[in-house]
Amino acid sequence: DPAEFILSGLLVCNTCGSKYARNCKVKRNSKGGITQYYYYRCYRVAGMNCENKKTANQVTLEEELISMVKVEAKKYIAENKIKGTKQVNKPVDNTAKIKTRLKNLRELYIDGDIEKEEYLERKGKLEKELNDNIALLNSADTPRDTRHLESLINSDFETIYHSLTKENKRRFWASIIDKAYVQDKKIVRIDFL
């Protein structure tokens, strides 16, 4: 049952960057009962394309995440606040100025003050400048909203977490973590949403 895999889709191999595949082992005891063990391993191991071959137990990974999420979230929030205070890296938004220059250029052409060739050449340069400015703004290292993480680290989420259903545990992790990197059965790094 896929719902049993609480960390499915979140785990990534720290060695090769591939997603972790989910697996289940079933063991029978002497009284006829069965126990299921859920674990993950690097997807590329099956094709012998990754050195990170160890399987990672879901319960162990869950406990690691619980113990490290507050510490990692505090670091992430601090780094994010530093990003917000760095004025040097913030690009200037020239979008409005460039659009005004494009409008003025179009009016010059319509009024007959410049020839078509000059208009097209200058228009092409301004459009490139506009696109470059937009790309620069989109790639800027802007701070993210971390209020959800701040509220998490100020709560007793560990106690609440253990009372959740497996599906709700899965939703919980998917709501705060983008990727958790695994190396030799241990989580070594977390990328937050």
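Measure nothing fancy, just the Cα-based angle from helix 166-176's long axis to the longest principal axis of the chain, in degrees from 0 to 90, nearest 10.
Once rounded, the angle reads 30 degrees.
Please report the spacing between the Cα centers of segment 179-193 and segment 1-62 in Å, no decimals.
14 Å
Subtract the Cα-Cα distance of ARG144 and GLU107 from 0.36 nm times their separation in residues, and report this length gain in nm to one decimal.
Contour length minus the Cα-Cα distance gives 9.3 nm.
Extending each Cα 7 Å along its Cβ direction at SER175 and ILE66, get the distance between those two points in nm, one decimal.
If labels sit at SER175 and ILE66, their model points lie 1.8 nm apart.
In nm, what is the difference between 0.36 nm times the number of residues separating ALA3 and ARG28 and their Cα-Cα distance? It would help to have the intermediate numbers written out before the result.
Details: separation 25, 0.36 × 25 = 9.00 nm, distance 2.17 nm.
Extra length from ALA3 to ARG28 when fully extended: 6.8 nm.
How do GLU4, GLU51 stack up against each other in accessible area, from largest to smallest, with a 1.4 angstrom probe?
So, going from the largest accessible area down, we get GLU51, GLU4.
Please give the length that would be gained between GLU121 and ASN80 if that part of the chain were fully extended, namely 0.36 nm times their separation in residues minus their C-alpha to C-alpha distance (nm, one decimal).
So the extension gain works out to 10.6 nm.
Whole-Å semi-axes of the chain's equivalent ellipsoid, largest first, each the root of 5 times a Cα gyration tensor eigenvalue?
Three semi-axes, in Å: 52, 21, 15.
For the chain, what is the accessible area per residue in Å², given a 1.4 Å probe and the full set of protein chains?
65 Å²
May I ask for the angle, rounded to the nearest 10°, between helix 116-139 and the longest principal axis of the chain, with both axes built from Cα atoms and the value confined to 0 to 90°?
Between helix and principal axis, roughly 30 degrees.
Residues in segment 31-55 near a label at CYS16, defined as backbone nitrogen under 17 Å from the 7 Å Cα→Cβ point?
Of the residues in segment 31-55, 40-55 have backbone N under 17 Å from the label point off CYS16.
In what sequence, largest accessible area first, do HIS148, HIS162 appear using a 1.4 Å probe?
Heavy-atom accessible area, descending, gives HIS162, HIS148.
Whole-Hz Karplus ³J(HN,Hα) for segment 144-161, in order, using 6.51 cos²θ - 1.76 cosθ + 1.60 and θ = phi - 60°, x for Gly and Pro?
9, 6, 10, 4, 5, 6, 4, 5, 5, 6, 8, 10, 9, 5, 4, 5, 5, 4
Ignoring ligands, DNA and RNA, please state the percent of accessible area on segment 1-53 from carbon and sulfur, probe 1.4 Å.
Reported share for carbon and sulfur atoms: 46 percent.
About its Cα centre, what dipole magnitude does the chain give when the only charges are +1 on Lys and Arg Cβ and -1 on Asp and Glu Cβ, stated in debye to the nearest 20?
1020 debye
If the cut-off is a Cα-Cα distance under 20 Å, which aspartates and glutamates reach LYS125, setting aside same-chain residues fewer than 8 apart in sequence?
The qualifying aspartates and glutamates are ASP93, GLU107, ASP113, GLU115, GLU117.
The values are calculated or read from the model by the stated rules, or taken from the named source; none is laboratory data. Bear in mind the structure is a predicted one, so any value in this text is a computation, not a measurement. Positions of Cβ are backbone-derived with ideal geometry, glycine not excepted, and every protein chain shown enters the neighbour counts. For the accessible areas, the whole protein counts, side chains as well, though only heavy atoms, and no ligand, DNA or RNA atoms are used. Shrake-Rupley method; radii C 1.70, N 1.55, O 1.52, S 1.80 Å.
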